[in-house]
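Beneath this line is the structure, given in structure tokens, with notes to follow.
The values are calculated or read from the model by the stated rules, or taken from the named source; none is laboratory data. Note that the coordinates shown come from a computational prediction; the quantities given were computed from them, not determined experimentally. Cβ sites come from the backbone with ideal geometry, for glycine too, and all protein chains shown count toward neighbours.
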Amino acid sequence: MPFAGNMFSGKWGGTMCLTEAGAGSSVGDNRCKATPTDDPEVYLLEGEKIFISGGDQDLTENICHLVLARTPNAGRGTKGLSLFVVPKYLTDETGALGARNGAHVLGIEHKMGIHGNATCTLGLGSRGPCKGFLVGQENQGIELMFLMMNEARIGVAAQGQAIAAAAYGFARTYAKDRVQGQALQSGKNPDAPPVAIVQHPDVRRMLMLQKVYSETMRSLLCKLALDFDLMHESADAAERERLKGRVDLWTPIVKATCTDLGFEVATLAVQTYGGYGYIGEYPVEQLVRDAKIASIYEGTNGIQAMDLVGRKLRVGGGALFIEWMNAANATLAEAAAAGLGAAAEALGKAVQMLAGSAMHLAGLGKARKVEAAMLQASPFLRMFGTVLLGMEAIEQAMVARRLAGERGESALFTGKQRNLEFFVATLLPQAIALGKTVQSGDESCLDPSLF
Ligand SMILES: Cc1cc2nc3c(=O)[nH]c(=O)nc-3n(C[C@H](O)[C@H](O)[C@H](O)COP(=O)(O)OP(=O)(O)OC[C@H]3O[C@@H](n4cnc5c(N)ncnc54)[C@H](O)[C@@H]3O)c2cc1C
């Protein structure tokens, strides 16, 4: 059946069906069943999937659900899962629509945000036979699903950044428009004219946080997306391998960092608006509601942190981390030579602290103190994400400095230079503090008497 062509062209929609009531983060607990038929390509599916984004809609004439299910006698866990295409309407080889397949909406989830997308509970086989067409081989399901999920994680990170950029844009415009209070410089003069809130230092601080986060996240994402493309397209096999390692290491960090910060920036935008930000007539409250889901779906950010610490840091005995660290130190040496010595030195200390924290976690792993190591996975990820954004700030300042010299682009230079100064003074210390947390040895919350 002509699934892929119609999906690529946008004629048909698609979904990813992993989650079940008893199988969220633990995908290996999937219970959906796939029974073979006389036709080796066709299986009959039975089960229930929940929280399926775009689970039904009438914008496209057909929807292809990509469903994880377990064939008879398949092993337990993720290794026993297979992947099936389950079309809403069965079709012939030409793509002409035929009978309705047995995948039906049983309910619609009522959500905090993203109301433009129907999130559905899907029943498979509960209202008539549900045909599924095997993708690849039996038991290859999780491997194939991960081909989509790694890309989807970068896409979700882009949602976080896009929401941050939109929030910042709205907040900046509003702050220039909204008049409230007098300038601090006017002292206690009752006749001083009221000013736009953008003149108040605390509002400028909030705007700067939004600006710096949204601009550094954007370039970080672009870099990851470029590496993702080159990982497939580079003519050099060794380079493809190196880029694959970089993408593997960065994907959980970028997913979690950009989605957490997308939400934080959206809340900062609401704060910038004051009371109006909390009111539905203004655009930023929707951004807060829409942003929250990104840290939950495509693997919660807690699961991303466990992937980083439990898997990616351990690849080749830390080889991926070391490859990145060497490249980061080379960039910092370049930045110092370009006249950004103080910022490069501060970032160098944060890179060292990160390396020390990675070593500390590796030591906990070797001592089989797995719970203690995983307790620090999220702070470590946040620290790594902060350092990566700092590296973007210094690289942007370097490029802007060069362009200012070549083409006299002074506004760009000022913007990026100020971003870097602000980052080093305000955000980089958070990375150092997180390093102290990671290396603290504190296990207070593991005390079983607490919760
Ligand atoms: C709006 C929306 C759209 C969605 N779209 C889709 C979709 O299209 N397709 C699809 O398949 N799914 C979809 N999901 C499901 C989503 O991917 C899951 O909600 C998510 O993976 C978390 O699973 P859960 O809700 O069962 O939470 P749980 O797995 O129960 O997690 C609850 C908390 O426990 C933590 N946790 C769980 N296990 C561990 C562990 N081993 N170690 C440490 N911490 C752990 C989690 O990080 C989280 O903080 C969607 C969900 C929503 C809300």
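Structure notes:
- Figure legend. Inter-residue proximity from the range 41-60: first residues under 20 Å from ALA152 (Cβ atoms) and of a type in the set (Lys, Arg), second residues near the ligand (Cβ under 7 Å from one of its atoms) and in a loop (DSSP other than H, G, I, E, B), beta-carbon distance below 9 Å, spacing 6+ or different chains. Indicated pairs: LYS49/LEU18; LYS49/THR19.
- Residue within the range 288-299 that is in contact with a Gly (Cβ under 6 Å, 6 or more places away or on another chain), within 21 Å of LYS255 (Cβ to Cβ) and among the small types (Gly, Ala, Ser) present: yes
- Once the range 11-29 is narrowed to residues that are in contact (Cβ under 8 Å) with a residue 40 or more places away in the chain and near the ligand (Cβ under 6 Å from one of its atoms), the residue that is farthest from THR121 (Cα to Cα) is SER25.
- Of all residues making up the range 108-128, the number that are in a loop (DSSP other than H, G, I, E, B), buried (at least 16 other Cβ atoms within 10 Å of the Cβ) and either without any contact (Cβ under 8 Å) to a residue 12 or more places away in the chain or away from the ligand (no atom under 11 Å from the Cβ) (or both): 1
- Selection status of ALA305, at pLDDT 95 or above, assigned to a helix (DSSP H, G or I) and more than 16 Å from the ligand (Cβ to nearest atom): no
- Within the range 39-61, considering residues that are part of a loop (DSSP other than H, G, I, E, B) and within 34 Å of the chain's Cα centre (by Cα), the one surrounded by the most Cβ atoms within 10 Å (Cβ to Cβ): GLY55
- Hits in the range 142-196 (condition: among the aromatic types (Phe, Trp, Tyr) and at pLDDT below 95): PHE146
- Of all residues in the range 265-282, those that are closer than 11 Å to TYR174 by Cβ and touching a residue at least 60 places away in the same chain (Cβ under 8 Å) have Cβ atoms under 7 Å from Cβ atoms of residues that are surrounded by 23 or more Cβ atoms within 10 Å (Cβ to Cβ) and among the polar types (S, T, N, Q), 6 or more apart or on another chain, in ALA269/GLN210.
- Leading residue by the ranking (nearest to the ligand (Cβ to nearest atom)) among those in the range 308-341 that are more than 22 Å from GLY356 (Cα to Cα) and in contact (Cβ under 8 Å) with a residue 60 or more places away in the chain: ALA335
- Residue ranges of helices (runs of 4 or more DSSP H) in the range 366-451 with at least 3 members closer than 22 Å to GLY341 by Cβ: 377-407, 410-422, 428-438
- Within the range 268-302, the set of residues being within 13 Å of the chain's Cα centre (by Cα) and either part of a helix (DSSP H, G or I) or among the aromatic types (Phe, Trp, Tyr) (or both) comprises ALA291, LYS292, ILE293, ALA294, SER295, TYR297, ASN301, GLY302.
- Search result, residues across the range 53-95 that are away from the ligand (no atom under 16 Å from the Cβ) and of a type in the set (Val, Ile, Thr): THR71, THR91, THR94
- Within the range 90-132, the set of residues being among the hydrophobic types (A, V, I, L, M, F, W, C) and under 23 Å from TYR297 (Cβ atoms) comprises ALA103, VAL105, LEU106, ILE108, MET112, ILE114, ALA118, CYS120, LEU122, LEU124.
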